[in-house]
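Participant: Take this structure first; my questions come after.
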Amino acid sequence: MPLTLQRLTILGSTGSIGLSTLDVVARHPEKYRVYALSAHSQLEKLVEQCLQYRPRYVVLADPSRLLELRERLSVAGLADIEALAGQEALEYIASHTEVDTVMAAIVGAAGMRPTLAAARAGKRVLLANKETLVMAGRLFMDAVREGGATLLPIDSEHNAIYQCLPQPFGDSADQGVRRILLTASGGPFRGYTPKQLAAATPEQAVKHPNWSMGRKISVDSASLMNKGLEVIEARWLFDLPAERISVVVHPQSVIHSMVEYIDGSVLAQLGNPDMRTPIAYGLAWPERIDAGVTALDLFQIARLDFEQPDTERFPCLALAFEALALGGAAPAVLNAANEEAVAAFLDGKVGFADIAKVNAATMRQVAVDFDANSLESLTAADAAARRFAVDWLADAVR
Ligand code: NAD
Ligand code: MG
């Protein structure tokens, strides 16, 4: 049977996930064609990618540099690539009729609207942008169902769980799933004392021991907010209550997550920590393709360790469970506060310990005023949370 080409939009093509996606795609030119690329503002990288992948569209989130992008494309002999800018253009390439698959790899709440557009348009959605599910879990899952989209999780833990669940996955209780176990590396500050945590710098926070990732998710991994966001992500992806989601610290990051069944079986997915594995899985599902990832050498790894997470030192993980218990817009508020807190921390304006503090204060103060029934309400919750968090952080400035 002749293979049909999958036409692909990559939202956030200049980021860590975007680059890994292009790396996998380049290994299989007979299977995948890049239809559209997008980035926030990194023109040079984007033009380089256009030269290599020849998309039909290229979109800049920031419209102020659109003319410059067009000029550069023209100079590079790429004037036939249509360059667009802004939010609507992102939604346009995410839902275009000629697109089969959308890699949602924008970082943060900015990724929500184009990811929703892809779901509504019934695309195969490769979801890296976990913030979409954290902010608008119910709305997004409804959009996937109503749009007839195929949702494949790219976050390594959720991809692992997806691989360990029965397929097709329906009602977890009927299918004998007792709980899922999300593994966490513990991040670069796993062994730190509270005093060391208070003095931790952005440079230390972005040096993850096992994974190479964007700066925001790296800080989230250091605070365990990333694992908290992933608990919320799992709640929606797999329709499981918080009581059936556990977190296990596993410093080697070899087991990417596990599913426990009622007969006592625990299924795990293992691999080297390389995002090209879940990306290739999402691209090729239900088949498998080469991802360029080296084979796992168990003898070199030699041992696997497990620990309880410490929510005293890393309160952000507990905050995520609290957000699920509060329900409504609480996860969206927590997410927005955290984005502001991480940005302020990376700018050197506040300390590492302030991240958890502002997240807790914002969630408890702002969340009650909003519900999660509409995009408008969630957008308003996001904005109110950012205002509250920015004020709080200004008072906390060192
Ligand atoms: P990154 O910072 O490396 O890249 C982010 C991409 O989004 C860039 O292309 C950037 O140009 C674009 N972008 C940034 N702000 C934007 C905006 N306002 N509008 C439009 N585009 C914007 O981030 P990353 O590490 O690749 O992570 C991307 C997403 O994938 C995040 O949601 C993250 O949580 C998730 N994720 C990443 C990893 C990883 O290993 N990097 C693993 C699991 C999940
Ligand atoms: Mg993850």
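The values are calculated or read from the model by the stated rules, or taken from the named source; none is laboratory data. Predicted, not measured: the structure shown is a model, and the values here were computed from it. So basically every Cβ, Gly included, is an ideal-geometry build from the backbone, and we count neighbours across all protein chains shown. For the accessible areas, the whole protein counts, side chains as well, though only heavy atoms, and no ligand, DNA or RNA atoms are used. Shrake-Rupley method; radii C 1.70, N 1.55, O 1.52, S 1.80 Å.
Participant: Using a ≥ b ≥ c from the Cα gyration tensor of the range 87-226 (square roots of the eigenvalues), is it rounded, prolate or oblate, where a/c under 1.5 gives rounded and otherwise the larger of a/b and b/c decides, a/b for prolate? The partial results should precede the final answer.
Facilitator: Numbers: a/c = 2.71, a/b = 1.45, b/c = 1.87.
Because a/c hits 1.5 or more and a/b fails to exceed b/c, the range 87-226 counts as oblate.
Participant: At a threshold of 8 angstrom on Cα-Cα distance, excluding pairs fewer than six apart, so keeping six or more, what relative contact order does the range 1-157 reach in percent? Don't jump to the answer; show the numbers that get you there.
Facilitator: Numbers: 301 pairs, mean separation 32.1, N = 157.
Relative contact order for the range 1-157 comes out at 20 percent.
Participant: Distance in nm between label sites at D395 and Q175, each 7 Å beyond Cα in the beta-carbon direction?
Facilitator: For D395 paired with Q175, the spin-label model returns 4.7 nm.
Participant: Just need the relative contact order of the range 327-398 here, percent rounded to a whole number, with Cα pairs under 8 Å and 6+ apart. Present the calculation step by step, with values, prior to reporting the outcome.
Facilitator: Numbers: 93 pairs, mean separation 32.8, N = 72.
Computed value for the range 327-398: 46 percent relative contact order.
Participant: So how much accessible area does T97 have, in Å² to the nearest 10, using a 1.4 Å probe?
Facilitator: Rounded to the nearest 10, that gives 120 Å².
Participant: So, one more: Using a Gaussian network model of the chain with C-alpha springs under 10 Å, which one of F169, F321, F352 is most mobile by mean-square fluctuation?
Facilitator: Checking each option, the largest mean-square fluctuation is seen for F169.
Participant: In the neighborhood of Y92, defined by Cβ-to-Cβ distances under 12 Å, what is the net charge if each Lys or Arg adds +1 and each Asp or Glu adds -1?
Facilitator: Numbers: positive: R56, R113; negative: E82, E88, E91, E98.
Surrounding charge for Y92 is -2.
Participant: In what order, largest first, do R54, R276, R288 sit by accessible area if the probe radius is 1.4 Å?
Facilitator: Details: R54 135, R276 40, R288 165 Å².
Reading off the accessible areas and sorting them downward yields R288, R54, R276.
Participant: Evaluate the relative contact order of the chain (contact order divided by residue number), counting alpha-carbon pairs under 8 angstrom at least 6 apart; express in whole percent. Numbers along the way, then the final one.
Facilitator: Numbers: 749 pairs, mean separation 56.3, N = 398.
Answer for the chain is 14 percent.
Participant: Under a GNM of the chain (C-alpha, springs under 10 Å), which listed residue has the highest mean-square fluctuation: W236, W211, W285?
Facilitator: W285
Participant: Next question. Starting from the amide H of Q6, placed 1.01 Å from N in the peptide plane, find each other amide H under 5 Å away whose residue is 5 or more places distant or on another chain.
Facilitator: The list, which skips near neighbours in sequence, is Y32, R33.
Participant: Ignoring ligands, DNA and RNA, please state the percent of accessible area on the chain from carbon and sulfur, probe 1.4 Å. Can you show the working numbers first?
Facilitator: Details: 8820 of 17070 Å².
C and S fraction of accessible area: 52 percent.
Participant: Compare R387, R27 by solvent-accessible area with a 1.4 Å probe and give them largest first, with all protein chains kept in place.
Facilitator: Values: R387 150, R27 100 Å².
Per-residue accessible area, sorted high to low, gives R387, R27.
Participant: Additional query: Taking only protein heavy atoms and a 1.4 Å probe, what accessible area per residue, in Å², does the chain have with all protein chains in place?
Facilitator: Working: 17070 Å² over 398 residues.
So the chain comes to 43 Å² accessible per residue, rounded to a whole number.
Participant: Which of the lysines could a cross-linker bridge to K357, judged by Cα under 16 Å and excluding same-chain residues fewer than eight apart?
Facilitator: Partners found: K195, K349.
Participant: In a Gaussian network model over the chain where Cα atoms closer than 10 Å are linked, find which of S74, S218, S185 has the largest mean-square fluctuation.
Facilitator: S74
Participant: Is the chain rounded, prolate or oblate when judged by the Cα gyration tensor, a ≥ b ≥ c being the square roots of its eigenvalues, rounded requiring a/c under 1.5 and prolate requiring a/b larger than b/c?
Facilitator: In terms of gyration-tensor shape, rounded.
Participant: Okay, next question. Determine the percent antiparallel among the DSSP beta bridges restricted to the chain, to the nearest 5. Please report the intermediate quantities before stating the final value.
Facilitator: Details: 10 of 41 bridges.
Roughly 25 percent of the DSSP beta bridges within the chain come out antiparallel.
Participant: First check a/c for the range 205-321, with a ≥ b ≥ c the square roots of the eigenvalues of its C-alpha gyration tensor; if it is under 1.5, answer rounded, and if not, answer prolate when a/b is larger than b/c or oblate otherwise.
Facilitator: Numbers: a/c = 1.42, a/b = 1.21, b/c = 1.17.
It comes out rounded by the Cα gyration axes.
Participant: Moving on to the next point. Please give the Cα centre distance for the range 2-47 versus the range 335-356, rounded to the nearest Å.
Facilitator: The range 2-47 and the range 335-356 have Cα centres spaced 31 Å from each other.
Participant: Name the helices (complete DSSP H segments) of the chain with a Cα length along the long axis of 27 Å or more and a Kyte-Doolittle mean of at least -0.5, or state none. Numbers along the way, then the final one.
Facilitator: Values: long enough: 375-396 (31 Å, 0.34).
Answer set is 375-396.
Participant: Moving to a separate point now. Which order do T362, T294 take when ranked by solvent-accessible area (1.4 Å probe, heavy atoms of all protein chains), largest first? Display every interim value, and only then the final one.
Facilitator: Working: T362 0, T294 105 Å².
The ranking, largest first, comes out as T294, T362.
Participant: Under 5 Å between amide hydrogens, which residues at least 5 positions from Q269 or on another chain qualify, with H placed 1.01 Å from N in the peptide plane?
Facilitator: Amide H neighbours of Q269, under 5 Å, 5+ apart: H256, S257.
Participant: Between T201 and L67, what length comes free when the chain is fully extended (0.36 nm per residue of separation minus the Cα-Cα distance, one decimal in nm)? Don't skip to the end; give the middle numbers.
Facilitator: On the way: separation 134, 0.36 × 134 = 48.24 nm, distance 3.76 nm.
Contour length minus the Cα-Cα distance gives 44.5 nm.
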